[in-house]
Amino acid sequence: MFSFHVFDPPMGRGFPNRFSTQYRCYSVSMLAGPNDRSDVEKGGKIIMPPSALDQLSRLNITYPMLFKLTNKNSDRMTHCGVLEFVADEGICYLPHWMMQNLLLEEGGLVQVESVNLMVATYSKFQPQSPDFLDITNPKAVLENALRNFACLTTGDVIAINYNEKIYELRVMETKPDKAVSIIECDMNVDFDAPLGYKEPERRSQNQDEPTEEEPDPSSYADMDLGFRAFTGSGNRLDGKTKGIEPNPVPLAASDIKRGIPNYDFKVGKITFIRNSRPQPRRVVDDDDALNKFIAFSGEGQSLRKKGRKP
């Protein structure tokens, strides 16, 4: 008898489970078409040609599709997602801030590779201008802007549009890796002090506050006394002037009385102080009580006098 050892045939390599190609990149403003594609500038996704979709569909690519962009000339790299597959063949369109991070010019070559990234749990951003502090709720604004992003890379400077103004934020830290996916994740966000921000100077509590010195009452006479009653000159109806002009009597320092502060003052309470003394109550005598008014005690009067009949 003959025995045959049957071996499984070697598995063919087929298509590699990795997408990698080079494209010439251009900014979104170079995208031909009547439609305004400013939405691409507000996010972190690119536009690729249809052939990339055909090649990706043949591969066992995990979703969502995430890519690593590399500029081999400057050794700069970042990560992004894909928005559409409508670009011309051999060309991809990138947001302007992404081209600045990669130090790419119009028509430069960029290496595009498919990657799998871990889901983000933490990220820290540093605004590149103190103007970011003018936003009332920066976390809500950032959360709304990150909906147009697919991933974050440590060291990138992303750009968000809020209230018709562009704010740049540097990604200082991401966890659990330097490049993370932010699609359908629960991520804690923290902010670092903005670039160029200076803390306001605080006065130390140990500094002795200047105490108010008690002024000299003799100096009150030298002050501007303002209006004083009965110090003017008189005028006559016949036009003659008075012979002697009155001179105001100088005010002595002892005549000036300063107010006494109310040491029992409480916030929210107003106290009215009256200098008038209450009048004493009159004691009603017994005679006065008898002479009080009595109702229906008067006498009646008649306009016609009644005579007696004879």
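Worth a mention:
- Top-ranked residue in segment 90-119 [being out of contact with any strand residue (DSSP E or B) (no Cβ under 7 Å at 6 or more places or on another chain) and closer than 19 Å to ILE160 by Cα; ranked as least open to solvent (accessible area, probe 1.4 Å)]: PRO95
- Taken together, the residues in segment 143-155 that are crowded, with 21+ Cβ neighbours inside 10 Å and more than 17 Å from PRO64 (Cβ to Cβ) amount to 0.
- Considering residues of segment 75-89 that are part of a loop (DSSP other than H, G, I, E, B) and open to solvent by 40 Å² or more (accessible area, probe 1.4 Å) only, the residue nearest to ARG18 (Cα to Cα): PHE85
- Verdict on LEU104 being in contact with a helix residue (DSSP H, G or I) (Cβ under 8 Å, 6 or more places away or on another chain) and either outside the structural domain of LYS68 (by the TED database) or part of a loop (DSSP other than H, G, I, E, B) (or both): no
- The set of residues in segment 156-172 being out of contact with any helix residue (DSSP H, G or I) (no Cβ under 8 Å at 6 or more places or on another chain) and crowded, with 16+ Cβ neighbours inside 10 Å consists of ARG170, VAL171.
- For PRO16, the conditions (1) open to solvent by less than 90 Å² (accessible area, probe 1.4 Å); (2) at pLDDT 85 or above all hold with the exception of (2).
Residue by residue, here is whether (1) farther than 12 Å from SER123 by Cα; (2) at pLDDT below 90 holds:
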| residue | (1), (2) |
| --- | --- |
| THR153 | no, no |
| ILE183 | yes, no |
| GLU199 | yes, yes |
| GLU213 | yes, yes |
| ALA221 | yes, yes |
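- Only one entry of ASP131, ASP177, ASP186 meets the criterion of being in contact (Cβ under 8 Å) with a residue 12 or more places away in the chain, in a loop (DSSP other than H, G, I, E, B) and surrounded by 10 or more Cβ atoms within 10 Å (Cβ to Cβ), and that entry is ASP177.
- Test: residue in segment 155-163 that is over 16 Å from GLY43 (Cβ atoms) and under 27 Å from the mean Cα position of the chain (by Cα): yes
The values are calculated or read from the model by the stated rules, or taken from the named source; none is laboratory data. Worth saying up front: this structure is predicted, and the values here are computed from it rather than measured. Neighbour counts are summed over all protein chains in view; Cβ atoms, including those assigned to glycine, are modelled from backbone coordinates with ideal geometry. Ligands, DNA and RNA are excluded from the accessible area calculation, which covers all protein heavy atoms including side chains. Shrake-Rupley method; radii C 1.70, N 1.55, O 1.52, S 1.80 Å.
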